[in-house]
Amino acid sequence: MLMKTGSTKARARLKALVWCGVAVAVAAAIGAGSVIWKQAKIDMPVAKPGQDSAALIERGRAVALASDCVACHTSEASKPYAGGMAFDTPFGRLYSTNITQDPVNGIGTFTDAEIVGSVRNGISQHGRRLYPAMPYTSYTGMSDDDTLALVAYLRTIKPIDSKPPENTMGFPFNQRWAMAFWNVMNFQSGRQLPVAGKSDEWNRGAYLVQSLEHCGECHTPRNFIQGFSHPNLGGGNLVTWRAYDITSGQSGIGTWSDPELFTYLKTGAVHGKANAAGPMAEAVENSLNHLPDADLHAMVAYLRDLPVTGTPSLVPARTGQGQAYTGTTALRASHPQYDPDSDALGAEVMFNANCATCHAVTGKGVGEYPRLFGNSVLGAVEPTNLVSVLLRGVHRKVDGQEVFMPGFANLSDAQLATLSTFLFKQFGNSQVQVTAAEVAKLR
Amino acid sequence: MPDSNSTPLSADVVIIGAGAAGGAAAVKLLRKGLSVLMLEAGAPLDQGMLVSNYRNGAYKNNHMAPYPTMPWAPQPNFVPHDNGYLIQKGPAPYTAQYIRGVGGTTWHWAGQAWRLIPNDFRMQTLYGQSVDWPISYDELEPYYCEAEIEMGVSGGGALAGDYGSPRSMPYPMDVLPLPYGFERLRQRYESVGLELLPGPQARNSTAYDDRPACCGNNNCMPICPIGAQYNGSMSVRRAQGLGLNLISNAVVFKLETGEGNRIVAAHFIDQNKEVHRVTGKHFLLTANAMESVKILLMSKDERNPNGVANATDQVGRRLMDHPASAVEYLADEPLYIGRGPMCPGSINNTRDGAFRSERSALRIDVHNDNPTRYLTEKYLAQGYYGKELNEKIKRDGERFVLLKSMFEMLPDPENRIVLSDQKDAWGIPKMEIHYRFPEYVHRGYDTCRELFADCVKASGGSEVKYSDRGQYTNSQHITGTLSMGSDPHTSVCNKLAQAHDHANLYFGGTGVMPTAALVNSTLTGVALSLLAADSIIQASL
């Protein structure tokens, strides 16, 4: 349902706007006027008197980081929060808004209530409905104190006079009011409250995972009109990427230790196991890496406690599959020819020429360069992330350290299909067969 | 092969030669809105194919081995024996090496991206030797900046600064660190007053231009396997994204002149031996300092009986390179040479001084090629085997040092390329090369030998082997054949890189350099090509 986007810039863009189209039809049959009205109400929190404004702003900065606002609301690094990032959908193109204090192009003239409404209710200035590319569906859980702090912080963002391009949504998808009907079906406004009987750490983790970090926007499956479905955090599709199951089952994080999970959230890499690419790399780079360690430990504690999804015995663990490649010597003895224009180019010839330099001829990795066998992407049941990495590479910068893999989009669909199938067979889930058509779809 | 129905054989600018110089110029011209058609004699080259050819090939020490030779675009090759493409007329050999294919010779180089220093442009005025350039360092400086951005150059830093070449912009990337052994040699050479610095390299020290940082595979030559090192195909690909019309396997054999002696067309023969004609408003020749000469000399007509741009018989003269001498030895401590890129640092404080009126200046490269293969072959030939062989390779491999010094050739009009009567498989004449070394270089060698001895002593060297006086190897920095100058009787093009004889013919690349100076020539060749592109842009306004 979702369309590919050329870049891998942000997470939320990949959520398509099937919502509104389907919702218009469905909602017409519902006639739920009163419900819509109720949802349109904005629960404006009341500021506590005598707050230290510097401390409030600092807290707001932390909330903005944890909510990763910058990832979607920035298209040029030199213009943070000035919006303009494109979100391709089957119905046209959306652009993120300028949320600097610019009075014309930004949110300088928004009232506090209008900012709160945008964040927690999907209702912007003058009652204008937001598309749920903005994850108000998750942010609605944001506490009053955090929301007020966020507003205070956003008020300090210096105005940038930059107008994002106009959306190019066609009728009826340009009818923003229709989102009200989608909300009836898919959106429950309300704060996330602590769960009695759970530790403070668990509750902090739950709040970060479900509300601020909005993990579910990608990792929770969606229903046919793109609302949240079940199981919670059981894995979701973003067309060009798969957001894996992050519950504690075999297909999720069952084979991960707590320190590994912590390291992954902090750096995006656990040697031999997983390496964040695409939208997850951005989440680590822009947000997770900047969280206090205690917050990351809290997220781990919460994730660890999520109900296991699926039937564990039926799902192979994503990690620990496959083995080292030992065919190089035999391959060399066969005098292989590399014809870049041939769709019949052999998988091992391609592997040796394009992969082995960094990942070693055995696939065991070298230094920072990931080990292939045992890696969770190669142990997956769907080829999405492997093919996407081959097409787009990896870009991740954490603590000043850049991790970069070039894309190999110069290889043809057929060549990449052959190579991917070999990589799965040798280093991971040997059941996965990749076709040229699948590569073409992900390209 | 072009399909003349679908490929327009005409453009604002026709560029001949799809290497670094042509590619960078194409990017610049296309960004200014000019249409560009590029002709390349060789075939498209693919990194995966080249890595595969190298990894699976037998001749690991022959940098040309992975590069397929098309019968219509022969290229010089001397391993396992001279393939006879270049005809040596002596007295000294000129064993040039270059690649004909999309991307050109930068597919296999060590990526050293030095600028000249200001005094290099004023050799005649300052030292009474060689010639002055018609432009100053300051005039070329903006183009150096552009070239460094296009190619992705890392360099500078606290230790190296600007290497004596003043800069208006910082290096695009931080300098790559010296490998361990180089750091040790740097410390030890200090005692004899020699400064070993981490060099400027067209090699990523961080992700740049959607290419990864160098991870030290140590086979920059014959092929960087990960694209961390720049090659010309990267600029050509960028230009294609901007609308470049590239025709490969198109061997240009004639430039056609018209009214006012303007160039009106380039004629090329394709892999099926069919002939095509390409027209344009401006022509930029960036087909390497030797192949470009061949095209000009072949283009004889009534107006230009000596060939195009050759009214004063200057095309192909003043052929230069950097003759190199070498010393190898074993240091008294393990250095583990062979980690990191192949030429990460060199001795740079021997490049300039009053002595240039008497002898060639020099610049000493510390080579970082992994010595294991070389030592293994050497010791096998000496009869070592078994455990003793292994131990000797291990011990000596850790301590092996190879230094190479470049000398500055003088622009001697008798060092030249002329057309041969012999033809290649597509009926195109081969080249004859006349080449000799001046005393100026030999006297440079004498000083170099003393400095080499200082280096050996400073690092406790043993088993020392010097190359001989007069026996110099090519550095593959082909320069001078299309010299830039103000006098048509001693040069081929003017300070705009425009042919003296033809208003719409321009040159780029290393052939335009009127002096070879002391540094690897690619960056200067690309900068000159960008200068030529600017001249074309000005002429198009």
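The values are calculated or read from the model by the stated rules, or taken from the named source; none is laboratory data. Quick caveat: nothing in here was measured; it's all calculated off a predicted structure. Here the Cβ positions follow ideal geometry from the backbone for every residue, glycine too, while neighbour counts run over all protein chains shown. All accessible areas refer to the heavy atoms of the entire protein, side chains included, with ligands and DNA or RNA removed. Shrake-Rupley method; radii C 1.70, N 1.55, O 1.52, S 1.80 Å.
Quick notes on this one:
- Area accessible to solvent at A:Asp145, 1.4 Å probe radius, in Å²: 50
- GNM flexibility winner over chain A from A:Ala113, A:Ala333, A:Ala66 (Cα, springs under 10 Å): A:Ala333
- Estimated dipole of region A:328-442 in Debye, rounded to 20 [Cβ of Lys and Arg +1, of Asp and Glu -1, Cα centre]: 300
- Within the accessible surface of region A:200-314, defined with a 1.4 Å probe on protein heavy atoms only, the carbon and sulfur portion equals 57 percent.
- FRET E, pair A:Asp200, A:Thr168, Förster distance 60 Å, beta-carbon r, rounded to 0.05: 0.80
- Area accessible to solvent at A:Lys397, 1.4 Å probe radius, in Å²: 100
- Percent carbon-and-sulfur accessible area, region A:328-442, ignoring ligands, DNA and RNA, probe 1.4 Å: 54
- Comparing the full protein assembly with the isolated chain (1.4 Å probe, heavy atoms, ligands and nucleic acids excluded), the residues of region B:31-63 losing at least 30 square angstrom of accessible area are B:Asp46, B:Gly48, B:Met49, B:Ser52, B:Arg55, B:Asn56.
- Computed [θ] at 222 nm, helices only, for chain B once each DSSP H run of length n ≥ 4 contributes -39500 (n - 2.57): -8000 deg cm²/dmol
- Note on exposure: B:Val102, A:Val104, B:Val192 ranked by accessible area (1.4 Å probe, complete protein assembly) read A:Val104, B:Val192, B:Val102, with the most exposed listed first.
- With protein chains left intact and a 1.4 Å probe, residues in chain A average 42 Å² of accessible area per residue.
- Approximate shape of the protein assembly as shown as ellipsoid semi-axes (Cα gyration tensor, √5λ), whole Å, largest first: 58, 33, 28
- Buried area at the B-A interface (accessible, heavy atoms, 1.4 Å probe, summed, Å²): 1400
- A simple spin-label model places pseudo-atoms 7 Å from Cα toward Cβ; at A:Glu382 and B:Lys89 they are separated by 7.0 nm.
- Helical content alone sets the calculated 222 nm signal of chain A at -9500 deg cm²/dmol, taking -39,500 (n - 2.57) per DSSP H segment of four or more residues and averaging over every residue.
- Sequence-distant contacts, meaning Cα pairs under 8 Å at least 6 residues apart, place the relative contact order of chain A at 15 percent.
- Whole-percent P(r), chain B, all Cα pairs, 10 Å bins from 0: 4, 19, 31, 27, 14, 5, 1, 0.
- Between A:Val104 and B:Glu463, the FRET efficiency from the beta-carbon distance, with R0 = 60 Å, is close to 0.20.
- Two-site label geometry, B:Glu377 and B:Asp209: point separation in nm, points 7 Å out along Cα→Cβ: 3.1
- In terms of its Cα atoms, region A:328-442 spans 44, 33, 26 Å along the principal axes, sorted from long to short.
- In the protein assembly as shown, the DSSP beta bridges split such that about 70 percent are antiparallel, to the nearest 5.
- Accessible area per residue for chain B, computed on protein heavy atoms with a 1.4 Å probe, is 35 Å².
- For the residues A:Thr326, A:Thr418, A:Thr263, a GNM of chain A with alpha-carbon springs under 10 Å puts the largest fluctuation on A:Thr326.
- Translational diffusion of region A:200-314, µm² s⁻¹ [Kirkwood Rh, Cα pairs; Stokes-Einstein; 10 °C; 1.306 mPa s]: 111
- At least 50 Å² of accessible area lost relative to the chain alone, listed for region A:348-372 with a 1.4 Å probe: A:Ala353, A:Thr357
- Label-to-label distance, B:Val264 versus B:Gln124, with points set 7 angstrom from Cα along the beta-carbon direction: 3.6 nm.
- Chain B, accessible surface, carbon-and-sulfur percent (1.4 angstrom probe): 50
- Net length gained if the chain between A:Asp343 and A:Gln323 were fully extended (0.36 nm per residue, minus Cα distance): 4.6 nm
- Percentage of interatomic Cα-Cα distances in region A:372-435 larger than 15 Å: 52
- Percent RCO, i.e. relative contact order, over region B:281-413, from Cα pairs under 8 Å lying at least 6 residues apart: 33
- Remark on region A:319-333: accessible area falls by at least 10 square angstrom from chain-alone to full-complex state for A:Arg332, probe 1.4 angstrom.
- B:Glu302-B:Ser420 FRET efficiency (beta carbon distance; Förster radius 22 Å; 0.05 resolution): 0.40
- By a 1.4 Å probe calculation restricted to protein chains, B:Lys387 has an accessible surface near 150 Å², given to the nearest 10.
- Mean separation of Cα contacts under 8 Å (6+ apart) over length of chain B, as relative contact order %: 22
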